[in-house]
Amino acid sequence: MRRRDVIAGLGGAAAWPALAAGPAKGQRRLGILLVYGEAHPDSPVIVDTLKESLNRAGWIWGQNLAVDLQYGNGEAERMRGQAEEILARKPDVVLAQGVVGATALQRATTTVPVVFMMLQDPVGGGFVSNLSRPGGNLTGFTNFDFILVGKWLQLLKELSPGVTRALALLNPDYRARLAGYTAEMARIGPELGIDARIAGVHDAAEIEAAITGFAAQPKGGLIALPDAVTGVYSQRIVDLAAAYRLPAVYAYAAPVRLGGLAAYTTSVEQDVQRAAGYLDRILRGAVVGDLPVQASERFITLLNLKTAATLGLTISPSLMAKVDELVE
């Protein structure tokens, strides 16, 4: 995807002179580094929700708030460059999506306030030293804990009781996160009668190779763990799961709306709204290191009925009772 700088309310060509001159008098500046590409189905949801939330707090894009928006498309090296571009414009605060976005900004600045969202294990990942008082220049909101692996495996088993093998997809480069998910899968898998393992993937080719090899044996199911790679390539995972008739559980809602089977996840709108609250507080003078890291408060289950029918699955009444959103 192309690099895109946005000042809301201005056309693309008109935005550049304002960026070059810096924010107008009395205007504050917000940087946004999204891990998704512009075409990802969650990207407009994130941007629109953020804009609306900040508007309600009195921050009007293109008026008293200049906004520099970058779409990283899951590419760590690219996002490091985008982080530098954002910081070169001297933002008052930056919003970072996911582990990749937060890592890019953490490496680029120790002074500019950064609010992260949709991130896992902020202490183990080295983003903050303490959840209640982060102390540095990063704070924000986590969406998933490692224990949720049990929820995803349990959902997979409820959907397809015959599953005895599970392949979980994850970028292996962030070792603390890899270790956390691996340990939890080893703990909960045997309780459910599932041999659960992680496949380290970085791109579409590695995803296809991993799923193709796994599908050669019967009684398997997939889990797309929360990750930039699984998010960016969610449509490819959905297509491969369909091609090999594998039940699959996702950590985000978007793949289910694209044809994936099921998800246990958070509300993207909720995650963004809460992050917007911290952005507002920092823009009004709050110290980033004094704002505690907070976890998501609400989780939802989604089920694609058409995909379940295609796979020949019978959904039990007890599972249907847990579903918050049916996709047909």
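Indicate, rounded to the nearest 5 percent, the antiparallel portion of the DSSP beta bridges found entirely in segment 170-328.
Values: 5 of 14 bridges.
DSSP beta bridges in segment 170-328 are roughly 35 percent antiparallel.
Just to be sure I understand: of the beta bridges DSSP finds with both ends in the chain, what percent are antiparallel, rounded to 5? Can you show the working numbers first?
Working: 5 of 46 bridges.
Taking every DSSP beta bridge with both residues in the chain, the antiparallel ones total about 10 percent.
Give me the percent of the accessible area of the chain that comes from carbon and sulfur atoms, probe 1.4 Å, all protein chains in place. Walk me through the intermediate numbers first.
Values: 7060 of 13500 Å².
Accessible surface attributable to carbon and sulfur in the chain totals 52 percent.
Express the C-alpha Rg of segment 266-328 as a ratio against the empirical globular expectation 2.2 N^0.38 Å, rounded to two decimals. Walk me through the numbers on the way to the answer.
On the way: Rg = 18.6 Å, N = 63, 2.2 N^0.38 = 10.6 Å.
Taking N as the residue count of segment 266-328, the ratio is 1.75.
Between the DSSP loop rule and a limit of at most 14 other Cβ atoms within 10 Å, which GluC sites (Glu not before Pro) in segment 125-195 are left? Kindly include the intermediate steps, with their values, before the conclusion.
Values: sites: Glu158, Glu184, Glu191; in loops: none.
Loop-located and lightly packed - none at all.
Show that you can apply the helix-only estimate: for the chain, add -39,500 (n - 2.57) for every DSSP H stretch of four or more residues, divide by all residues, and state [θ] at 222 nm to the nearest 500. Intermediate results must be reported in sequence, preceding the final value.
Values: 13 runs with 133 residues, N = 328.
The helix contribution divided over the chain gives -12000 deg cm²/dmol.
What number comes out for the charge environment of Val128, summing +1 per Lys or Arg and -1 per Asp or Glu over other residues with Cβ under 13 Å away? Show your work: numbers first, answer last.
Details: positive: Arg133; negative: Asp121, Asp290.
Summing Lys/Arg as +1 and Asp/Glu as -1 gives -1.
Once you have the alpha carbon radius of gyration of the chain, what is it after dividing by 2.2 N^0.38 Å, with N set to its residue count?
Details: Rg = 20.2 Å, N = 328, 2.2 N^0.38 = 19.9 Å.
Rounded to two decimals, the normalised Rg is 1.02.
Rounded, prolate or oblate: which one fits segment 29-121, using the alpha carbon gyration tensor with axes a ≥ b ≥ c (rounded when a/c is under 1.5, else prolate when a/b beats b/c, else oblate)?
Numbers: a/c = 1.68, a/b = 1.21, b/c = 1.39.
It is oblate, given that a/c is not under 1.5 and a/b is not larger than b/c.
At a Cα cut-off below 16 Å, give the aspartates and glutamates reachable from Lys90, other chains included and same-chain residues fewer than 8 away excluded.
Within reach: Asp5, Asp68.
Let's see if you can work this out: charge +1 on each Lys and Arg Cβ, -1 on each Asp and Glu Cβ, no other charges. What is the dipole magnitude of segment 187-328 about its Cα centre, in debye to the nearest 20?
That gives a dipole near 220 debye.
If you average the C-alpha positions of segment 103-118 and of segment 119-153 separately, how far apart do those two centres end up, in angstrom?
Value for the Cα centre distance between the two parts: 14 Å.
In segment 110-176, what is the volume of the convex hull around the alpha carbon atoms, normalised per residue and reported in Å³? Don't skip to the end; give the middle numbers.
Numbers: hull volume 7.0 nm³, N = 67.
Measuring per residue, one finds 104 Å³ for the Cα hull of segment 110-176.
Over segment 88-182, give the accessible area per residue in Å² for a 1.4 Å probe, as an integer.
Here the per-residue accessible area is 36 Å².
Pulled fully out, how much extra length does the chain show between Glu325 and Ser129, if you take 0.36 nm times their separation in residues and subtract their Cα-Cα distance? Please list the in-between numbers first.
Values: separation 196, 0.36 × 196 = 70.56 nm, distance 3.67 nm.
Result: 66.9 nm gained on full extension.
Between Leu105, Val323, Leu30, whose Cα lies farthest towards the positive end of the dipole of the chain when Lys and Arg beta carbons carry +1 and Asp and Glu beta carbons carry -1, centred on the Cα centre?
Of the listed residues, the answer is Leu30.
The values are calculated or read from the model by the stated rules, or taken from the named source; none is laboratory data. Please read all numbers here as calculations on a predicted model, not as lab measurements. FYI the Cβ positions are ideal-geometry reconstructions off the backbone, even for glycines, and counts take in every protein chain you see. The area values use the complete protein model at the heavy-atom level, side chains included, leaving out ligands, DNA and RNA. Shrake-Rupley method; radii C 1.70, N 1.55, O 1.52, S 1.80 Å.
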